[in-house]
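The values are calculated or read from the model by the stated rules, or taken from the named source; none is laboratory data. This one's a predicted model, so the numbers in the text were calculated from it and none came from an experiment. Because the Cβ atoms are built from the backbone with ideal geometry, glycine has one as well, and the counts that use them run over all protein chains shown.
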Amino acid sequence: MTSRGAGIPYSEVIDLEQSPERTIVELPGLGALGGYRYLHAHAPRPPSRHRTLLVLAMPVRGAFSFDLDGDVHEVRPGRLIRIPPGRTYTTGLAAEPRGALIWLIARVLTGPDTTARALRLLAEPAGALIADAEQVSAPLQQALTLATAERDWIGDALLSHAVATGVLAAARAFTSGDRSPSWPHQRVARVLAWIEEHVDEPITAADLAAVAGLSTTRFYDAFRAATGTSPKDHLLRRKTELARDWLRRDPAVKVTTVAHALGFSTPQRFATVFRRYQGVSPSACREP
């Protein structure tokens, strides 16, 4: 069977271009470590495929969708996705969403040391692609902080240690035999399901806290710990995703109809929020 991504050429070049929302640091001999912090949605990145590079990606704020050879995987904060060499991938379907993401692109090394062995394990084509990132998050975030600070030989050693710790923790996450997500706190999971059923209604923080059975303050803290974002951010993201799908599915529906149906006070408010999360205007999202 031919892979759906077979037509994408291989590239072993790592894009190191920086921007105010994109921090990337080269790791000599290994690859690159990077972080996105998108305040607004961006156009989706073109598909990529590597022959010898492994990709690890971990959302910090907001959910990200990864298309791997035509199969879509949604990854939330607290979860980690691995993209083995040879797989064609892109982030974002209609757009790269507003949110924050840390990633590591690493060459699959051949040496006998433990980091090289862990990278080879993570690069295996078979097996689960998503695992719990609970033990991976702290070392990779520390590595990104160290990589962007002024460094001396001590800082370089700490950076290498943090990256190695993150890689080993990722390998452990995929071999522990327990890949059930730790993020969905029961009460927050209940709220997420409730939002899906009431997303077209006016919803307040008090409503969500009541569904969770928590005080507003405790609910807000639990929600952010579980999802990496605020209830308002999650709700607006879901509203604009549903609006995008509706506008594409029904060419005859008016933007104002969609805006009012999803609880926006005015079409102007809807257009502003839609562009922030989807990267284009409501009308433009219908264009092929």
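Only one of A123, A157, A162 is closer than 28 Å to Y36 by Cα, free of Cβ contacts under 8 Å to residues at least 40 places away in the same chain and within 24 Å of the chain's Cα centre (by Cα). Can you tell me which? Even if it seems obvious, please write down each step before you answer.
Working: A123 fails: free of Cβ contacts under 8 Å to residues at least 40 places away in the same chain; A157 fails: within 24 Å of the chain's Cα centre (by Cα).
Checking each option against the conditions leaves just A162.
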Restricting to strands (runs of 3 or more DSSP E) lying wholly in the range 50-166: which have 2 or more residues that are touching a helix residue (DSSP H, G or I) at 6+ places or on another chain (Cβ under 7 Å), surrounded by fewer than 16 Cβ atoms within 10 Å (Cβ to Cβ) and on the phi > 0 side of the Ramachandran plot? none
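Each row is one residue, and each column tells you yes or no for (1) of a type in the set (K, R); (2) farther than 30 Å from K239 by Cβ; (3) in contact with a Leu (Cβ under 8 Å, 6 or more places away or on another chain).
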site: P97; (1), (2), (3): no, no, no
site: R107; (1), (2), (3): yes, yes, yes
site: T110; (1), (2), (3): no, yes, no
site: T114; (1), (2), (3): no, yes, yes
site: L122; (1), (2), (3): no, yes, yes
site: A126; (1), (2), (3): no, yes, no
site: L144; (1), (2), (3): no, yes, yes
site: A147; (1), (2), (3): no, yes, yes
Has the range 266-276 got at least one residue that is at pLDDT 90 or above and not in a helix (DSSP H, G or I)? yes
Go through the range 34-49 and report how many residues are in contact with a Phe, Trp or Tyr (Cβ under 8 Å, 6 or more places away or on another chain), assigned to a strand (DSSP E or B) and more than 22 Å from A169 (Cα to Cα). 1
Total residues in the range 48-95, condition of a type outside the set (K, R) and under 28 Å from L236 (Cβ atoms): 27
